[in-house]
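The values are calculated or read from the model by the stated rules, or taken from the named source; none is laboratory data. Predicted model only: the values in this text are computed from it and were never measured. Here the Cβ positions follow ideal geometry from the backbone for every residue, glycine too, while neighbour counts run over all protein chains shown. Only protein heavy atoms, including side chains, enter the accessible area calculation; ligands, DNA and RNA are left aside. Shrake-Rupley method; radii C 1.70, N 1.55, O 1.52, S 1.80 Å.
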Amino acid sequence: MRVLSEGDILFIVTAVRWTLLLSMAAFIGGGIGGLVVALARTAEFKWLRFLALGYIKIFQGTPLLMQLFLAFFVPGIFGIDIDPWGAAAVGLSLHASAFLGEIWRGSIEVVPRGQSEAARALGLTYVPRMFLIIIPQAFRIAIPPTIGFLVQLIKGTSLASIIGFVEITRAAQIINNATFRPFTIFALVALVYFLICWPLSAYSKIMERRLTVASR
């Protein structure tokens, strides 16, 4: 055991960049997957809607920690070497795609049905109808819940410490094991998470209020 130093604090604070990078990678990957899931959930083919629903049920119905474990250990069974960064990014992206897909599916279905019927009357097929008419309107509706999920995703990156990825929580664990100052160390970690997440939560609430006023 040793004394907590400024270098230890700096080590924890600089690990924030890995939390932010992992969050960004997971959000981008989850956004791409989520768009595919949302389009599949609102597709004209029943079997495609069924597959998308099954995907959502699996990832929403199982713990994120288990998903990260599978993303880290399963590739090794097939001889694929994957590091903690790659496993965390893949696991969180798959997790995010299920939740974002359902959020965006709900936003798409909130758009008045008359918009889709008018697009059909103009002869637009499914893809141009969705990307030119429906999705631009659903985008504004989806902003508040999407930002709300991003906050949860940022906090969820702390679970990546379990598979050895050194983000802010794992960095805090390493320093705490050497100094045994849990209150100071994890209070600092909580403060950092608050400073990252609170502005996003506040912005989400502002956007939600604006949409409520605009819909009146």
Selection from the range 108-134 of residues among the aliphatic types (A, V, I, L, M) and not in a loop (DSSP other than H, G, I, E, B) yields I108, V110, A118, A119, A121, V127, M130, L132, I133, I134
For residues that are assigned to a helix (DSSP H, G or I) and either over 24 Å from R105 (Cα atoms) or of a type in the set (D, E) (or both), tally how many sit in the range 135-176.
16
Take V151 and decide whether it is open to solvent by less than 50 Å² (accessible area, probe 1.4 Å) and either modelled with pLDDT under 95 or touching a Cys at 6+ places or on another chain (Cβ under 9 Å) (or both).
yes
Regarding the range 115-135, can at least one residue be identified that is surrounded by fewer than 21 Cβ atoms within 10 Å (Cβ to Cβ), under 15 Å from the mean Cα position of the chain (by Cα) and modelled with pLDDT of 90 or more?
no
Any residue in the range 34-53 that is over 21 Å from L150 (Cα atoms) sitting within a Cβ distance under 6 Å of a residue that is assigned to a loop (DSSP other than H, G, I, E, B) and open to solvent by less than 30 Å² (accessible area, probe 1.4 Å)? List the pairs, counting only those 6 or more apart or interchain.
R49/A43
May I ask you to list pairs of residues, at least six apart or on different chains, whose Cβ atoms are under 6 Å apart, with the first in the range 75-101 being of a type outside the set (F, W, Y) and the second being surrounded by fewer than 23 Cβ atoms within 10 Å (Cβ to Cβ) and in a loop (DSSP other than H, G, I, E, B)?
P75/I82; P84/G164
